[in-house]
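Working notes for the structure below.
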Amino acid sequence: DTISRVGSMETMYKAIQFYIDEHPTLLLDLMFLLANRCDATRAIAILRKGGNLTELGMLPMVKGYLLKMQAANVREINEAVNSVLLAEEDIPGLDASVDSYDNFN
């Protein structure tokens, strides 16, 4: 809750990295808290690099956040959602995503 009162954007991005490193199970909660305050494109870049689990990084752990942010139809968000859905082999979900949000490569 304290992070929502922080004025510095850099501190918010550092918090994302901290949660990736120290509290990954709470990462989704943090992302929902920061959803309207931080740049989703930059957050996705941090999440992709974090965790070193796969090429998707921590994106699968924040799928709910990505789906919420997809309403903006931003290319980076759409590509992140589509990558997660593809990795999960969620073909109906991927079809729905591609049909509803056309801004992707």
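The values are calculated or read from the model by the stated rules, or taken from the named source; none is laboratory data. This one's a predicted model, so the numbers in the text were calculated from it and none came from an experiment. Glycine also receives a Cβ, built like all others from the backbone with ideal geometry; neighbour counts cover every protein chain displayed. These accessible areas exclude ligands, DNA and RNA; they are computed on the full protein's heavy atoms, side chains included. Shrake-Rupley method; radii C 1.70, N 1.55, O 1.52, S 1.80 Å.
Sorting the Cα pairs of the chain by distance into bins of 5 Å, from 0 upward, gives 2, 13, 26, 24, 19, 10, 5, 1, 0 percent per bin.
Helix 91-100: angle to the longest alpha-carbon principal axis of the chain, degrees 0 to 90, nearest 10? Rounded to the nearest ten degrees, it is 80.
What is the sum of charges, Lys and Arg at +1 and Asp and Glu at -1, for the other residues whose Cβ falls under 12 Å from the Cβ of residue 11? Don't jump to the answer; show the numbers that get you there.
Details: positive: 5, 14, 37; negative: 10.
Net charge in that neighbourhood comes out at +2.
Protein heavy-atom accessible surface, 1.4 Å probe, per residue over the chain: 57 Å². Taking the average, over residues, of other Cβ atoms within 10 Å as the packing measure, peptides 33-41, 56-64 rank 56-64, 33-41 from highest down. Here the accessible area of the chain is 52 percent carbon and sulfur, with a 1.4 angstrom probe and all protein chains present. Can you return the aspartates and glutamates within cross-link range of residue 68? Criterion is Cα-Cα under 15 Å, with same-chain partners fewer than 8 residues away left out. Straight-line reach from residue 68, under 15 Å: 29, 39, 76, 79.
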